[in-house]
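The values are calculated or read from the model by the stated rules, or taken from the named source; none is laboratory data. Only a predicted model underlies this, so the values are computations on that prediction, with no experimental measurement involved. Please note: Cβ atoms are built from the backbone with ideal geometry, for glycine as well, and neighbour counts cover all protein chains shown. Quick note on the areas: whole protein, heavy atoms, side chains included, nothing else; ligands and nucleic acids left out. Shrake-Rupley method; radii C 1.70, N 1.55, O 1.52, S 1.80 Å.
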Amino acid sequence: MTELEKLEAGLPYDFRDPEVDARKLHAVKMCKVLNETDPTDYPACEKAIRELFGSVGKNPVVLPRFNCDNGKNIHVGDDFLTNYNVTILDIAPVTIGDHVIIGPGTQIITVNHPLSPSGRRKGLGIAKPVTIGNDVWIGGSVIIVPGVTIGNNVVIAAGAVVTHDVPDNCLVGGVPARKIKDIPNDLEEE
């Protein structure tokens, strides 16, 4: 298998491989285009977002400085908003539902590295997807680690580190993030 095939199969891969690195370099170039686009020129911003991401719903807003590892592995629904200085390391797919707000300084990460120094010296990485449901508000400076699934109607408090799946209809916070309380889904009443 090539290193790219290993990455896509969820196996350990060499992140220094030229094909793997080419994806990152393309994302760096496209992020530069997005970040240099006048944020008040909504049509130009939307065009840059659509060229960078794998799929995009209606009304996307991505404020500067946005960074990612691939771009094409990012799939967002309608009314997506990411505030300033957000990073999505999308070596594996990051799927985000409708009506999601991401606070400033947040990091969504799909790549991890071995605990062993020999594995790290070999440049190994392993990628696991992140999935975020509908009607999610992610506060500022949140970190979401590889392999996490976040349900619908979730609020993640600022500064939280999300290391485990989060069920629907709740507020989580802390390091590591834990459920603080249930929150109502008033959309079910409509």
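Sorted from largest down, give the three principal axis spans of the alpha carbons of the chain, whole angstrom values.
52, 40, 25
Find which of ILE150, SER116, SER55 sits farthest along the positive direction of the dipole of the chain, computed with +1 on the beta-carbon of Lys and Arg, -1 on that of Asp and Glu, about the Cα centre.
Checking the options against the dipole of the chain, the answer is SER116.
With r as the distance between the Cβ atoms of ARG120 and LYS29 and R0 = 22 Å, compute the FRET efficiency 1/(1 + (r/R0)^6) and round to 0.05.
On the way: r = 27 Å, r/R0 = 1.23.
My answer for the efficiency is 0.20.
For HIS75, what accessible surface area do you get with a 1.4 Å probe? Give it in Å², rounded to 10.
Per-residue accessible area (HIS75): approximately 60 Å².
How big is the antiparallel share of DSSP beta bridges in the chain, given as a percent to the nearest 5? It would help to have the intermediate numbers written out before the result.
Values: 8 of 40 bridges.
Rounded to the nearest five, the antiparallel share is 20 percent.
Cα-based count: Lys pairs in the chain below 16 Å, eight or more positions apart or different chains?
The result is 11.
Taking the Cα centre of segment 44-136 as origin, sum charge times position over the Cβ atoms of Lys and Arg (+1) and Asp and Glu (-1), and report the length of that vector in debye to the nearest 20.
580 debye
Report in % the part of the accessible area of segment 27-120 that belongs to carbon and sulfur, leaving out ligands and nucleic acids; probe 1.4 Å. Present the calculation step by step, with values, prior to reporting the outcome.
On the way: 2460 of 4300 Å².
That fraction is 57 percent.
May I ask for the equivalent-ellipsoid semi-axes of segment 81-168, computed as the square root of five times each C-alpha gyration tensor eigenvalue and listed largest first in whole Å?
Numbers: eigenvalues 122, 34, 24 Å².
Rounded to whole Å, the semi-axes are 25, 13, 11.
How large is the accessible surface per residue of the chain, computed with a 1.4 Å probe and reported in Å² as a whole number?
Heavy-atom accessible area per residue stands at 52 Å².
Ignoring everything but the protein chains, give the 1.4 Å probe accessible area of LEU34 in square angstrom, nearest 10.
10 Å²
Report the full-extension gain for the segment ASP182 to LEU11: residue separation times 0.36 nm, less the Cα-Cα distance, to one decimal in nm. Show your work: numbers first, answer last.
Working: separation 171, 0.36 × 171 = 61.56 nm, distance 3.61 nm.
Contour length minus Cα-Cα distance gives 58.0 nm.
Where nothing but the Cβ of Lys and Arg (+1) and of Asp and Glu (-1) is charged, how large is the charge dipole of segment 117-185 around its Cα centre, in debye to the nearest 20?
Values: 7 positive and 4 negative charges, 109 e Å.
That gives segment 117-185 a dipole magnitude of about 520 debye.
In whole angstrom, note down how far apart the Cα centers of segment 54-110 and segment 141-189 are.
Their Cα centres are 17 Å away from one another.
With +1 assigned to the C-beta of every Lys and Arg and -1 to the C-beta of every Asp and Glu, and no other charges, what is the dipole magnitude of the chain about the Cα centre in debye, to the nearest 20?
On the way: 18 positive and 25 negative charges, 211 e Å.
That gives a dipole near 1020 debye.
Stretch THR2-LYS47 to full length: gain in nm at 0.36 nm per residue minus the Cα-Cα span? Before the final figure, lay out the partial values.
Working: separation 45, 0.36 × 45 = 16.20 nm, distance 3.25 nm.
Here the segment from THR2 to LYS47 would lengthen by 12.9 nm.
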